[in-house]
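Single-structure report; data block below.
Just so you know, all these numbers are worked out from the coordinates, no wet-lab data involved. All values derive from a computational prediction rather than experimental measurement. Because the Cβ atoms are built from the backbone with ideal geometry, glycine has one as well, and the counts that use them run over all protein chains shown.
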Amino acid sequence: MLRQMCKGKIHSAAVTETKLYYEGSVTIDSALLEAVDIIPGEKVEVLNLHNGSRIETYVMEG
């Protein structure tokens, strides 16, 4: 059996830029990625605190 575990969490991060017609990766600052031990290309979940929606995507360093 393969279990998926949460190894890091970035809580209440502010969105600084969006592209209305692009649904794909999320770009995160390299210092923050290092602090939570997430690498570029890693699968992550993103939760919208305002409406409860959740997406699964991958990380790009930015």
(request) Give me a count of the residues in the stretch 30-41 that are in contact (Cβ under 8 Å) with a residue 24 or more places away in the chain, within 11 Å of the chain's Cα centre (by Cα) and part of a loop (DSSP other than H, G, I, E, B). (result) 1
(request) Would you please name the residue that is nearest to GLU61 (Cα to Cα), looking only at residues in the stretch 21-33 that are of a type outside the set (Ser, Thr, Tyr) and either loosely packed, with under 12 Cβ neighbours inside 10 Å or in contact with a His (Cβ under 8 Å, 6 or more places away or on another chain) (or both)? (result) ALA31
(message) Being touching a strand residue (DSSP E or B) at 6+ places or on another chain (Cβ under 6 Å) and among the acidic types (Asp, Glu) is true for just one of GLU34, GLU42, GLU61. Which residue is that?
(response) GLU42
(message) I'm told GLY8 meets every condition in (1) in a loop (DSSP other than H, G, I, E, B); (2) surrounded by fewer than 10 Cβ atoms within 10 Å (Cβ to Cβ); (3) within 13 Å of the chain's Cα centre (by Cα) except one. Can you identify the failing condition by its number?
(response) (2)
